[in-house]
Amino acid sequence: MSPYRLVYGKACHLPVELEHRAYWAIKQLNFSLDKAGIQRKLQLNELEEIRNDAYNCGKRYKDQMKKIHDKNILRKSFFSGQKVLLYNSRLHLFPGKLRSRWFGPFLVRTIFPHGAVEIENPKNSDVFKVNGQRLKPFLELRAPEVEDILLEDPVYQD
């Protein structure tokens, strides 16, 4: 028994032995090395085609998912003088269930072509530039028109 078998309980197969066995199998089965080489090249080419197909399927899937998700993106358009709300992302660090993450309203002053928007705080006239994705239009609630109904005794006419 070999020391390897005594320690690990199984036979040790060295790479040289495996290579020798492969040559022995080729000789035993009467294969020529040229035919085996050609066969191996075909197998490698098939493997490359399978990899390319998998890559193309993955790319097609990603493109379809991108189209689906891009359909759900709403394009926001602002104009000067519009009232907007600003999203405060720092509230994720200190979560509050009922605390609103939108602050404002702010007034839009300038819109830049790359998506940035310059807004003004009407309370203290601070002006700063923010990403347009962090803004949403502010909807002002107007008081409903009140209709007065006088409650008087009904007068019946005969």
- Reachable aspartates and glutamates from Lys136, criterion Cα separation under 15 angstrom, eight or more residues apart if same chain: Glu118, Glu120
- Efficiency of FRET from Cβ geometry, Leu33 and Ile68, R₀ 35 Å, rounded to 0.05: 0.10
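Answer rounded, prolate or oblate for segment 34-158, using the Cα gyration tensor with square roots of eigenvalues a ≥ b ≥ c: rounded when a/c is under 1.5, else prolate when a/b is larger than b/c, else oblate.
In terms of gyration-tensor shape, prolate.
Of all trypsin sites (Lys or Arg not before Pro) in segment 44-131, which ones are in loop regions per DSSP and have a Cβ with at most 11 other Cβ atoms within 10 Å?
Numbers: sites: Arg51, Lys59, Arg60, Lys62, Lys66, Lys67, Lys71, Arg75, Lys76, Lys83, Arg90, Lys97, Arg99, Arg101, Arg109, Lys123, Lys129; in loops: Arg75, Lys76, Lys97, Arg99, Arg101, Lys123.
Passing sites in segment 44-131 are Arg75, Lys97, Arg99, Lys123.
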- Accessible surface of segment 57-158 [probe 1.4 Å, protein heavy atoms]: carbon and sulfur percent: 55
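The values are calculated or read from the model by the stated rules, or taken from the named source; none is laboratory data. A quick note: this is a predicted structure, and the numbers were derived from the prediction, not measured. Positions of Cβ are generated from backbone atoms using ideal geometry, with glycine treated the same way; all protein chains shown enter the neighbour counts. Keep in mind that these areas ignore ligands, DNA and RNA; they rest on the heavy atoms of the full protein, side chains included. Shrake-Rupley method; radii C 1.70, N 1.55, O 1.52, S 1.80 Å.
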